Structure formats: structure tokens, C-alpha cells
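Please read the structure below before turning to the comments.
The values are calculated or read from the model by the stated rules, or taken from the named source; none is laboratory data. Since the structure is predicted, the reported quantities are computational estimates derived from the model, not experimental observations. Cβ atoms come from the backbone with ideal geometry, glycine included; neighbour counts cover every protein chain shown.
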Amino acid sequence: MDKPSDNKAWLLVLPAFLLVVFTAIIPMMTVVNYSVQDTFGNNQFFWNGVGWYKELLDPSTELGGRFYTSLGRNLIFSAIILAIEIPLGIVVALSMPREGWSVAACLVIMALPLLIPWNVVGTIWQIFGRSDIGLLGAALNGVGLNYNYVANPLDAWATIIVMDVWHWTSLVALLCYAGLKSIPEAYYQAARIDGASRWAVFRAIQLPKMHRVLLIAVLLRFMDSFMIYTEPFVVTGGGPGNSTTFLSIEVVKIALGQFDLGKAAALSLVYNLVILIVCWVFYTVMTGSRSRPHVLGGSS
Amino acid sequence: MARIDLVDIGHSYAGSDAPEVSHAVKPMSLTWRQGGAYALLGPSGCGKTTLLNIISGIVVPSRGRILFNERDVTSLSTQARNIAQVFQFPVIYDTMTVAQNLAFPLKNRRVPPREIEARVGEIAELLDLTDVLGRKAVGLTADVKQKISLGRGLVRSDVAAILFDEPLTVIDPHLKWQLRSKLKALHRALDVTMIYVTHDQTEAMTFADTVVVMHDGRIMQSGTPAELFERPEHTFVGHFIGSPGMNVLPAEISGREARVAGHTIAMVKSYPTLAANARAELGVRPEFVRLAAPGCGLPVHVERIDNLGRVRIARLRVGDLKLVATVPRGLELTGAASVVFDPARVHVYAESRLVAGAD
Amino acid sequence: MSITLANVSRVVGGVAHIRNVSLELERRTLNVLLGPTLSGKTSMMRLLAGLDAPTEGRVLENGQDVTGAHVRSRSVAMVYQQFINYPTLTVFENIASPLRVQRRRKKEVEERVRNAARLLKLEPFLDRLPLELSGGQQQRTAIARALVKDADLVLLDEPLANLDYKLREELREELPRVFENSGAVFVYATTEPSEALLLGGNTACLRMGEIVQFGRTIDIYNRPSSLYAAEVFSDPPINRIAITLAGGKVTFPCGDTRPARGQLTQLADGRYTLAFRAHQLTFGDNTDQSYPFCGKVLLSEITGSESYVHVVWAGTQWVSVAPGVHNLLPGMTLVVAVDPREAFVFDETGRLAAAPPPASGRG
């Protein structure tokens, strides 16, 4: 449908527009500027052109090496997260009640983890997992497992993954729940009449109808997990060693640790580009499957 | 195949202790003969869908029992009752082809694959679906989808009854004809009990051998289409059946005469059970009201004659009362005219119920 | 005011929803858009209203170009298939809402709302909320709201489709009276030919986004310009036979020949389709001019007032409707006949070659 064109509307948008310019566009342009310079932030700029980019993309250099390893970590992390959270979210959504008083209670409980500020989430798990005073850490060590996320990279990864699952599975569950609720009752009745088992009902009715919602859930979770920063930073700070240094943490290390603003700027821009490309791919896939022609039987 | 008995069935969505006035289905007993073609006809909210859902098991009635072939199934689930239901909107499994859709109920019962294939082929041919068996069900038109829904019910050879809940709602008029006559032909061929819920009296009358007219949770009348048309036992039935419905005119009956809007009409029967000059209503169908030139009968004023192609309908007024008559072609009348009722087709109603006349 | 569509097309995503349509609608007319689902009725209404802009062609109002002008700047009212009312406002407020937007004076609002309510028999319900009313009453509220605006163009998109059969009948009877009091252009979309005939006025037969015929409803019924228009306008579906005309003789698919009668005598030799409506296929009282066919009964559907008999002849299926109860058993042989003087003849391209004169007995 063609939207109405009303020029007065631009005036209403102006304040928001100016705000975005100052908080986003100008700083972004500054970063672009830095990425083509060699600078330590002390107002001394040496032109570097595409130097940082070339170094970045060359795995044999130190910068390039760090970039590719961190990128790899991000990809593995996102893959694991998606593999766990999506099926888990679906299972949770299927188990949630669909009518009665328990619906409201369930929804509130599911929403709670999503409302907690991210660095608080990180802090919770940081303390929770400590092998001396943390409930989880102490319990695991008490049982005999040698659990120490500060020293052991595998434990650090496990902690971060469990933390993310705890934090974000609710989102997938709530999205799937909304998708499930939109299925008309007649479908379930027909399936019952056809003698379908629970599994058959899931495969034949629920999963196909949740298709669009799942696509959104995957897209959102991928984007967020790929950009992850706060929670792992609070828990492990990127350690032990480099084992949990994701790209975002890498950028911060270079920028604020080494003050190598040029390199950091270039790195962050490339990071941004990678996210954009993957999201664009997902988006095309998503809208591609939606534009399948659908023959209606009702009125038009 | 089953004979279905509803014994003292009643249902209120507010629970079994709720007062009768809130009942969606007021207490009633009904028998559905094995192999019969039934229609449950009535306006929205009359309880027909509730009754259908009670039979299929989707709704557990707040009182009464349901028997299938004398077996009490009131507590059994829909699945266990072995009935098939076709809903208002086509319900098909999107990811499957037509053949897989039809095979679904049999697969769930673990019928051997060869038998499934044979049965699916049989049903597909019965429903003219053979050409589309390999196509994905989701891309087809609504009438084909409804046939698939029906097919899933028929594919089980021991299905007790097939229930239809306003299945032609989303279908185009000329496809409705095909599907409707197909259903009737199927019924003849298969000897399965079919119960069809609708608010469209043409659908009900053309499909069913027995039509059950419901209103406000009660059964008003049950009988063959011809019986309902020729002898409506309640003014509601007279009005609801027939397009346009029966004319109902307030009248005073005494002996063999009725006074309508100040004019006397002679009748074939007398009504001794009514007091002299009792207030009653005269019911006569538009098909039996003959429009004539002024002076031949009850004087009326012609407001409008609508031309519906094969039949013309005159909207008439006598005093404050409205009257409808069917008019044959070629007859043109405007303004003042008169009507004559076919005396054998006039019914008398007291408090909306049919009064039997004496000769 | 008059509204005109001039060579309008609308293509969305590579699919043409409307193809090269030209239509002129005068004020104080009721125009029906008749066609099956997906034939373009809703798309055309949206173009008339200004909700969508055509990809080609122009929309004119009283001769002035309003193509692309948004619906807010036009004078349009619309009634939908789903009863759309403001759920939190009373019936009175619902009907008054367009007038309040126009900032009319209180007295004027009161008067106009009451007039509309009286016209649609809503007076006892003015204080109720829409959800407390029946479907028919809700739709009447929506129609009242559309009328009270006194818009120049009132569009109704299958407004009775969601109503019960009897409610539909009731409203359908009242609508012509409701419409004739207003001076607007009315456009009414429907799939049912009987509705078009009842409403009268003009009808545009639509097929896949094109107008196949436009004219007075009863004229299209009596003289459809194409086989498609005849099909759209028949309920039950129209019956047909493929025939060949040669040297004053008609040859039927089974091989029989009969002498040409009626309009057939005036046509050139060639292949045609003879089309006739259900009530023109008779059994029992055939005239001496009829062509009889020996068919087999498939099914008999009885409504009480009439019976629909489905017969099959030479592989073709026909429907005959006759008044009264005729309980014919399937498999029975039945001689049916059609009087060629009353049938339509369409040529090979589907265009009308001959039609019975409208004043004849059973057209």
C-alpha cells in the first residue's frame, strides 16, 4: 500500500534525526577517519590509507592473526548457542500452558532473565561460578569436578555458554510461544481426529506454522551472540589467556589497552561489515521464503 | 458405521449447575440413524455447532450421555470415537502433498504401506483428486482443500460418522454446487452417517434426508425437506425455511373464516380448539400467494417487484403488514392489486405453534 | 459526481491484479462488481477509493484527475466483509465518528445519526456496544457509519458474506431502499449473481482483473456478451452443449442431427456452444420446438419449493431446476429438453452469437 506523502512529517522527525547524527553518525565518521590513520589518540595523525585493512585481512601478521582467531571464536560461539537455544526454546514453548491462570505466571517467569541488565547478568554468573564462594563453583568442586573458569579455558567457555543460554533462551521460547498461539484450534482438533501422536502433531502442524517465528528467533540470536561483549567481559575479561577473547573484546583491548586507535577502528569497521553481510543473507532468506505465492480460498 | 443416540444431552458453557436459560444446548434426546444424511439447520448461536462438537467429542456435555451403537462413549476422546470432522476452514497439513495428507490417518494407525496406497487411490478417485495427488496441498484452491479434509475422514473405512461444520463457507458459489452434489452422491455410495451443520437452508435441504431445525438451543422441528416446507410446525421453521420464508400474518380465526387486516378469508379447515375470534397467525408461503388484479381477493399494495432471473418476487403491503409473493413472468402489476391464498396451503398458528385443523 | 477509471492497470510484484480497465460510474447509481474470488473486485475498489494508485491509467472524479490522490483527500466511505466497528464506542458514537472528525455541530450530528439509525433499524440499539449486538446489527452499524458521512462514493466489499443466510436475505431486501435515498455512487462487490439481480442497478462482470461486461444488471442477465459472463451470472451453473451448425441442421456431440430452430436459423454455419440455464432444461412439459435428450439422473436435490435434478447426457453433466418436489432416483432414465428459442448461442471464441429476445416467456 502506498504510504501518504506528507512533508510536514519531516519536521517531527528532525529532533530524532539530529540526535542520531550526534550520537551515531558523527562518531561513526570519526571511527572511519581513525581507521585510515595511524594514531594514538594524542591528536597526531599519520595517514595510513588502507594499511590497517590490509594488515587485518592478512593472517600472517599479528593483527591479522588475532582477527581471524577471534572471528573463529565468535563463529563457534554463535553456532553452539544457536544449536542449544533454538531447540531448547521450542521445547520450552511447547511445554508452556496455553490457557488458564498459569499462563500469566509462566510468561512472567520466562521474561525475568530478559529484563536483567547485561552486566548484572555477567556479575551474577561471575560470582555464581567462583570456585571459592560461588554456589555453582563450590558445589561442583565439592562433588569432585575440578571446575575453575579463571584457569581452565574449557570451563570458561562452558560458563559463558550456560550463562547465555540462561539469559536468552526465554526470548526464543516466547517467540515460539507466540507462533504456537496463532495456530487455530481446528488444526489440533483435526489432528486428534486423524489419530496423530504428539510427535506427528509437532512435525505436521506446529513446526511448519512456527517457521516464520523461528527465522526471526535465529536471526536475532545470531546477531546478538555474534556481537557479544558485556557478559563474557564481566565474567572472564577475555581470559584465561585469550580463550574467551571475542572480536568485541579484541577491539577494546587494542583501542583501550594499546591505544592503537587506527587498528581498533579498522577492526571494528570490518567487524561491523561481517555482521551486516550475515544479516543481509539471513534477511534475504527470510523474505525469500515469505514471498511464496499463496492461493487464497476466501474473499479478496 | 454407527447409530448415534444422544440421551438427555444438555450443555452449558457455565457448568452443569447453570440455569437452563444459559444452556447452549437445552436438554434433549435425539437418535441419528446409521447411514442417514442429516442437516442441523439454524441461525448463529442456536447451538448447532455445540451439538456437533458434543457428538464428535470436542466438547464434553455438562449433562447426558452419548451412545454409539449402544456403547456409552461420553467419556471417550474424539480419537477413540472414530469420527471424522470437516471444518469451516480447510484444515490441511501444509508440508505434505495431497497423497500424504490423505494417508496421514492411516499412517498414524500403522496400516501397512501397500494398503494405504490402495485406499488413498480409491478415495482420491471418489473425490476427483487423482490428478493432484502428487502436489503440495498448500497451493491448491479452497474447494480442493475441503475435499482433502473430507478425504482424510473417508480414508478410514470404519469411520462411525462424518460431521460437517459449515464446510462450504469459504467456497465460491458455482464450486459450491459441485461440492454439494458430490457430498450427496458420496453419501449414496458409501452408506456413512453424515451430519451437516449449516445456517444456509438451501444447503441443508438439498443435502439431507432429515433436517433438524434448531433455535436457541432447542429443536424446533425435524423431518424431511418436503415435510418442513409443506407443514412447518412453528412459525420460526416456516420463516427460516424457504427463500423467501413463509409469510406470517396476525389473524382472527372463527369457524372457517380468518380475518386479516379487516378482510375475510375463507379456509378449508375449521379450528375447533381455538376460541371464537381467537388471536392467531396465518402462515402461507410466497409460492402459494397468487397475485391478481384488484378486486379478486385480499386488497394489497404492490411496493416493488424484484426480478431474480428465474423467479420474480413481489413485495406487498396490506395495511401495516408486509407480504411476499412469487410472481410468474409476464405478470406486471403496480400499485393496487389483490392476492389469493391457496387455501390448502394456509396454516394456522397459535402462540407460534401449528394448530391442527378439523375438516 | 461521477467517477471514471481510464485504462487503469495495477501490477504488483509482476502479477497484474487489474488489467486495462475502463469504467464510468454516474452518481445515484448502484454498481455491482460481480466475479469469483481473486477476480479483482477488492483491487478495483481500492483503486476507486484512492487506497492504491494504479500503475498505469488515470482515475477521474467529475472529469478531474485524482490519480494518486490519497483517500483522505477524497470523499469515500467503505464497508467491509468483517463487521468493522470501534469496539469501545456505542453504536451512536460509532455512527457519529466520521461527523465528529469533520467537526460538525452537535445538533447536526444528532440529527444525521438518528436518520441513519432509523434507515437501518438501529434506533433501539444506539446505546449498546457493537459486541453486544448480533452480526447483522453490527454490519448495519458499519453501513450506517458509511452512509452518514454523505460521501460521494460508497464502497461495499461483500458486506453480507459473513452473515447468516436469513440475515443476509433480510439486509439484502433493505439495501436498495437504503441506497436510493442517497445521492452517492455505490459500488458493491459480490460473488453471488442473485445478489446482483436483487440489487438491480448496473453490474460489471469481472474475470482475472478485467471487466468482461458492464451494463444494466438485467440486461447482462438476459443478454450476456460472452460465455464467461453467462457463467458468472448463473446460479445454478449454466448448462451447455457443443454443437455444429451446417446447412440448416444442428449436429450434437452424440451424432444426432436435428433441424435448426429459433435463433439458430439465423446463424452462419460453424461450431457453437448452446448454453441454457437450469430452469430452461425441462422434463415433462416440452414444447414442440424443443430438442429432447435422453439422459440419466445422477442426483435429485429437493428444497421443498423446488428440486434440482442433476442429469448426465453424452458425458456432460447438466442441472435442471423445477418447482415442487421431484424425487427422482439416481440411475433412472429421464428425457430432458431445451427449447432453442430460449437458449443462448456462443461462437467458438465464446462471444454471444444469438440470444432469446427478452420479452419471451421464459428467458
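Picking from residues in the stretch B:306-357 that are assigned to a loop (DSSP other than H, G, I, E, B) and polar (S, T, N, Q), the one that is farthest from residue B:271 (Cα to Cα) is B:334. For the stretch B:99-132, the set of residues classified as within 14 Å of chain A (Cβ to nearest Cβ), closer than 23 Å to residue B:143 by Cα and polar (S, T, N, Q) consists of B:100, B:101, listed by residue number. Number of residues in the stretch C:170-206 that are within 26 Å of residue B:247 (Cβ to Cβ) and of a type outside the set (Phe, Trp, Tyr) equals 19. Hey, any hits in the stretch B:276-284 for a residue that's within 14 Å of chain C (Cβ to nearest Cβ), within 18 Å of residue B:323 (Cα to Cα) and either surrounded by fewer than 22 Cβ atoms within 10 Å (Cβ to Cβ) or in contact with a Cys (Cβ under 6 Å, 6 or more places away or on another chain) (or both)? For the stretch B:276-284, residues within 14 Å of chain C (Cβ to nearest Cβ), within 18 Å of residue B:323 (Cα to Cα) and either surrounded by fewer than 22 Cβ atoms within 10 Å (Cβ to Cβ) or in contact with a Cys (Cβ under 6 Å, 6 or more places away or on another chain) (or both): absent. The set of residues in the stretch C:319-351 that are among the small types (Gly, Ala, Ser) and more than 13 Å from chain B (Cβ to nearest Cβ) comprises C:337, C:343, C:350. Can you name every residue in the stretch C:122-149 that is within 14 Å of chain B (Cβ to nearest Cβ) and within 10 Å of residue C:85 (Cα to Cα)? Hits for the stretch C:122-149 are C:131, C:138, C:139.
Here the condition is being within 13 Å of chain A (Cβ to nearest Cβ), at pLDDT below 85, in a helix (DSSP H, G or I) and buried (at least 19 other Cβ atoms within 10 Å of the Cβ); of B:175, B:150, it holds for B:175 alone. Looking across the stretch B:297-326, just one residue is acidic (Asp, Glu) and within 28 Å of the chain's Cα centre (by Cα), and that is B:306.
Has the stretch A:255-270 got any residue that is in a helix (DSSP H, G or I), touching a Leu at 6+ places or on another chain (Cβ under 7 Å) and free of Cβ contacts under 8 Å to residues at least 24 places away in the same chain? Scanning the stretch A:255-270, I find at least one residue that is in a helix (DSSP H, G or I), touching a Leu at 6+ places or on another chain (Cβ under 7 Å) and free of Cβ contacts under 8 Å to residues at least 24 places away in the same chain, so the answer is yes. Across the stretch B:82-122, what is the number of residues that are among the aliphatic types (A, V, I, L, M), surrounded by fewer than 17 Cβ atoms within 10 Å (Cβ to Cβ) and under 34 Å from the mean Cα position of the chain (by Cα)? The number of residues fulfilling the criteria is 0.
Here is the figure for the stretch A:172-206: residues that are touching a residue at least 12 places away in the same chain (Cβ under 8 Å), at the interface with chain B (Cβ under 9 Å from one of its Cβ atoms) and within 15 Å of residue A:87 (Cβ to Cβ) total 0. Selection of the stretch B:133-142 for residues being in a helix (DSSP H, G or I) and either surrounded by fewer than 19 Cβ atoms within 10 Å (Cβ to Cβ) or more than 10 Å from chain A (Cβ to nearest Cβ) (or both) yields B:137, B:138, B:139. Residues that are in a helix (DSSP H, G or I) and out of contact with any Asp or Glu (no Cβ under 6 Å at 6 or more places or on another chain) within the stretch B:178-199 comprise B:178, B:180, B:181, B:182, B:183, B:184, B:185, B:186, B:187, B:188, B:189, B:190, listed in sequence order.
Flag not set for residue C:234, criterion: at pLDDT 90 or above, more than 25 Å from residue C:331 (Cβ to Cβ) and not aliphatic (A, V, I, L, M). Filter the stretch C:319-350 down to the residues that are among the β-branched types (Val, Ile, Thr) and not in a strand (DSSP E or B) and list them by number. If the condition is that a residue be among the β-branched types (Val, Ile, Thr) and not in a strand (DSSP E or B), then C:325, C:349 are the ones that fit. Would a scan of the stretch A:61-77 turn up a residue that is small (Gly, Ala, Ser), outside any loop (DSSP other than H, G, I, E, B) and within 30 Å of residue A:175 (Cβ to Cβ)? Yes: one or more hits.
A single member of C:109, C:76, C:113 is among the β-branched types (Val, Ile, Thr), buried (at least 18 other Cβ atoms within 10 Å of the Cβ) and under 20 Å from residue C:171 (Cβ atoms), and it is C:113.
Among the residues of the stretch C:25-39, is there at least one that is more than 14 Å from chain B (Cβ to nearest Cβ), within 18 Å of the chain's Cα centre (by Cα) and closer than 30 Å to residue B:168 by Cβ? Yes - at least one qualifying residue is present in the stretch C:25-39. Give the stretch A:263-295 a look and list any residue that's of a type outside the set (Lys, Arg), at pLDDT below 85 and over 18 Å from residue A:226 (Cβ atoms), or say none. Once the filter is applied, which keeps residues that are of a type outside the set (Lys, Arg), at pLDDT below 85 and over 18 Å from residue A:226 (Cβ atoms), the stretch A:263-295 yields A:287, A:288, A:289, A:291, A:293, A:294, A:295. Determine whether the stretch C:277-284 contains at least one residue that is in a helix (DSSP H, G or I) and either closer than 20 Å to residue C:357 by Cβ or in contact with a helix residue (DSSP H, G or I) (Cβ under 9 Å, 6 or more places away or on another chain) (or both). Yes; the residues of the stretch C:277-284 include at least one that is in a helix (DSSP H, G or I) and either closer than 20 Å to residue C:357 by Cβ or in contact with a helix residue (DSSP H, G or I) (Cβ under 9 Å, 6 or more places away or on another chain) (or both). Select from the stretch B:327-359 the residues that are among the small types (Gly, Ala, Ser) and within 24 Å of the chain's Cα centre (by Cα) and list them in ascending order. Result: B:352, single match. Checking each residue in the stretch B:326-341 for being within 13 Å of another protein chain (Cβ to nearest Cβ) and either out of contact with any strand residue (DSSP E or B) (no Cβ under 9 Å at 6 or more places or on another chain) or in contact (Cβ under 8 Å) with a residue 40 or more places away in the chain (or both) picks out B:326, B:330, B:331. In contact with a strand residue (DSSP E or B) (Cβ under 9 Å, 6 or more places away or on another chain), in a strand (DSSP E or B) and within 13 Å of another protein chain (Cβ to nearest Cβ): does that describe residue C:244? Here the answer is no, as residue C:244 does not meet what is asked.
Each row is one residue, and each column tells you yes or no for (1) within 21 Å of residue B:190 (Cα to Cα); (2) assigned by TED's automatic domain parsing to the domain that holds residue B:157; (3) free of Cβ contacts under 8 Å to residues at least 12 places away in the same chain; (4) among the aromatic types (Phe, Trp, Tyr).
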site: B:19; (1), (2), (3), (4): no, yes, yes, no
site: B:27; (1), (2), (3), (4): no, yes, no, no
site: B:43; (1), (2), (3), (4): no, yes, no, no
site: B:54; (1), (2), (3), (4): no, yes, no, no
site: B:65; (1), (2), (3), (4): no, yes, no, no
site: B:70; (1), (2), (3), (4): no, yes, no, no
site: B:81; (1), (2), (3), (4): yes, yes, no, no
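Filtered by the rule that a residue be more than 12 Å from the chain's Cα centre (by Cα), under 12 Å from residue C:41 (Cβ atoms) and hydroxyl-bearing (Ser, Thr, Tyr), the stretch C:176-230 gives no residues. The lone criterion from (1) modelled with pLDDT of 85 or more; (2) not in a loop (DSSP other than H, G, I, E, B) left unmet by residue C:353 is number (1). Of the set (1) of a type in the set (Phe, Trp, Tyr); (2) surrounded by 23 or more Cβ atoms within 10 Å (Cβ to Cβ); (3) at the interface with another protein chain (Cβ under 9 Å from one of its Cβ atoms), all apply to residue B:196 but (3).
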